[in-house]
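The structure appears below as structure tokens.
The values are calculated or read from the model by the stated rules, or taken from the named source; none is laboratory data. As the structure is a computational prediction, the values presented were derived from the model and not from experiment. Positions of Cβ are backbone-derived with ideal geometry, glycine not excepted, and every protein chain shown enters the neighbour counts. Just the protein is used for accessible areas: all its heavy atoms, side chains included, with ligands, DNA and RNA removed. Shrake-Rupley method; radii C 1.70, N 1.55, O 1.52, S 1.80 Å.
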Amino acid sequence: MKNRRLLFLWLLLPAQLVVAQQQVTLNDCQQWARAHHPLLEQQAIYKQMSELKLDNNRTNSLPQVGLNVQATYQSDVTEIGLSLPSVDIPEVAKDQYKLYLDVKQNIWDGGLTKANEILEKAKERTNQQSVEVELYKIREQVNSLFFTSFLIQQNLDLLEKKQETLDARKKQMDSAVKNGTLLQSELNQILAELVKIRQQQIELQSRRETVLSALAILTGKELSNLQNLVIETNDISLAGELNRPELSLFEKQTNMLAASSDLLQKKRNPKVFGFGQAGYGRPGLNMLNDEFDAFYLVGLGVNWTVFDWKNTRREREVIQLEQQLVSTQQQQFERQINIALDGEFRKIQQIQNLLESDRELIELQEQITKSAASKLENGTITASDYLQDLNAEMGARITFETHKVQLEAAKINYQNIQGTND
């Protein structure tokens, strides 16, 4: 039984390693963060709200039916002031009763129902796009966490290489100390540097776990699924047009205001409707008949607001001013975006130039460290001198790796500002 369990665990282990080593790109994190964001649910809510409002709007073409019940008593009634022999002139009762249905059917509403439909759809598109704008903001946060975590991992890799170098140097110095050709104090400096490396590894690993934990919350993924982040090299297009979701939002806001203006005009149009009434009561339509009787009437009506004291015109002027506000907001937004793009492009150029000098510096520091290692073996320099040169080389490598990550981050940020990183 024990052997079976061991066999099962052995078979399961490769699958676990595959999952742990699965590469995760920035695009993966972006898609996961969007799908996991609570705001995404608002789009479905806005759609459902719009459908309900449109359903209500469509009922304008259906007949409106109302049931009325009425019982009254009045102090006086109409009388005929004549008295004729052998003629019984009926009197209207002071208590009256009615039960009747009112029916009203729109024949032509001046285009109001259609205008309401267009406006509601424009509102729904605007609300949907406003959610897209908010969702787009999560990209910057994901980018920051992703590149920070990747940069920490690069530093950890470099520390590991430095540790391997010092471990190899320690073995050589152990033999020299045992043979009496090297002082223990020289070896102790190497040992102290190894302790410092372990401390730095603990600090960096803790920082990386903190950053990855935040990224896991944003993406809705387990921390174990985000251990192997990889950066894909990106080429940016400087001639690309702005494709930010805010621009689409400005357009949809303008369309919504235009639909509101059209709706105001439709409200002024004449409206034609049919109406009818059918019921039972005392008296009926014949006021001189004091008996309960059935009755009905049908008719055709027109409703037209001929003069509204310029209210509609003023409301349309307000909408025009709101459209101007949207236009100025768009101009200001595009201006800020262009400033940000110019700054990010200059940053990219600066980092590219720094990388060239980083490569030259690493080559020089490598030669210096190799020379120092040889001198340390020959006993012409101390371990402290060697560590100083080794740390200078590692510092140059860390700077180089940092600039590489910063370059890719700047490219991604440029595309994010431009709106062309989908």
Please compute the modelled spin-label separation between GLU356 and ASN188, points set 7 Å along Cα→Cβ, answer in nm with one decimal. 4.8
Judged on accessible area alone, 1.4 Å probe, highest first, VAL272, VAL326 line up as VAL272, VAL326
I need the phi-derived Karplus couplings for the range 257-269: 6.51 cos²θ - 1.76 cosθ + 1.60, θ = phi - 60°, integer Hz, Gly and Pro marked x. 5, 5, 5, 5, 5, 5, 5, 4, 5, 5, 5, 7, 5
Alpha-carbon radius of gyration plus Dmax, which is the widest Cα pair, for the range 267-366 in Å: 38.1, 120
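At a temperature of 25 °C and a viscosity of 0.890 mPa s, determine how fast the chain diffuses translationally according to Stokes-Einstein, using the Kirkwood radius over alpha-carbon pairs as Rh; express D in µm²/s, rounded to the nearest whole number. Working shown, then result.
Working: Rh = 30.7 Å.
D = 80 µm²/s.
Quick check: net charge around ILE351, other residues with Cβ under 12 Å of its Cβ, Lys/Arg +1 and Asp/Glu -1? Spell out each step's value before the answer.
Values: positive: ARG346, LYS347, LYS404, LYS411; negative: GLU344, GLU356, ASP358, GLU408.
That works out to 0.
Can you pull the percent of the range 148-188's accessible area that's carbon plus sulfur, 1.4 Å probe, other chains left in place?
Numbers: 1110 of 2290 Å².
Of the solvent-accessible surface of the range 148-188, carbon and sulfur hold 48 percent.
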Ignoring everything but the protein chains, give the 1.4 Å probe accessible area of GLU251 in square angstrom, nearest 10. 110
For the range 362-422, accessible area per residue (1.4 Å probe, heavy atoms of protein chains only), Å²: 46
What's the ranking of 36-42, 400-406 by average number of surrounding C-beta atoms within 10 Å, highest first? 400-406, 36-42
With an 8 Å cut-off on Cα pairs and a minimum separation of 6 or more residues, tell me the relative contact order of the range 338-416 in percent. 47
For the range 257-350, which trypsin sites (Lys or Arg not before Pro) are both in a DSSP coil and crowded by at most 15 other Cβ atoms within 10 Å? LYS310
Heavy-atom accessible area per residue of the range 170-222, all protein chains kept, 1.4 Å probe, expressed in Å², is 62
In the range 321-365 the accessible area split gives carbon plus sulfur, as whole percent at 1.4 Å, a share of 49
Accessible-area value, SER248, 1.4 Å probe, nucleic acids and ligands omitted, Å²: 30
Going 7 Å from the Cα of THR165 in the Cα-to-Cβ direction, what parts of the range 356-375 have a backbone nitrogen less than 18 Å from that spot? 358-375
What do you reckon, how do LEU264, LEU325, LEU300 stack up by accessible area (1.4 Å probe), largest on top? LEU300, LEU325, LEU264
For the range 244-324, listing chymotrypsin sites (Phe, Trp or Tyr not before Pro) in a DSSP loop whose Cβ sees at most 15 other Cβ atoms within 10 Å gives PHE292, TRP304, PHE307, TRP309
So for R0 = 41 Å, FRET eff. of PHE275-GLU51 from the Cβ-Cβ r, to 0.05, ends up at 0.85
Can you work out ³J(HN,Hα) from phi for every residue in the range 162-168, in order, using Karplus 6.51 cos²θ - 1.76 cosθ + 1.60 and θ = phi - 60°, giving whole Hz and x for Gly and Pro? 5, 4, 4, 5, 5, 4, 5
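On a 1.4 Å probe surface of the protein chains, which of GLU241, GLU363, GLU120 comes out largest in accessible area, and what is the full order?
Working: GLU241 150, GLU363 115, GLU120 25 Å².
The residues order as GLU241, GLU363, GLU120, largest area first.
Measure up LYS137/LYS161; LYS104/LYS267; LYS170/LYS375; LYS178/LYS375; LYS196/LYS370; LYS53/LYS104 against 26 Å on the Cα-Cα distance and list the ones that go over.
On the way: LYS137/LYS161 38 Å; LYS104/LYS267 18 Å; LYS170/LYS375 15 Å; LYS178/LYS375 19 Å; LYS196/LYS370 22 Å; LYS53/LYS104 21 Å.
Result: LYS137/LYS161 exceed 26 Å.
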Below 8 Å, C-alpha to C-alpha, sequence gap of six or more: please give me the relative contact order for the chain in percent. 24
From the backbone phi of the range 106-122, what are the Karplus-calculated ³J(HN,Hα) couplings (6.51 cos²θ - 1.76 cosθ + 1.60, θ = phi - 60°) in whole Hz, Gly and Pro given as x? 5, 9, 8, 9, x, x, 5, 4, 5, 5, 4, 5, 4, 5, 5, 5, 5
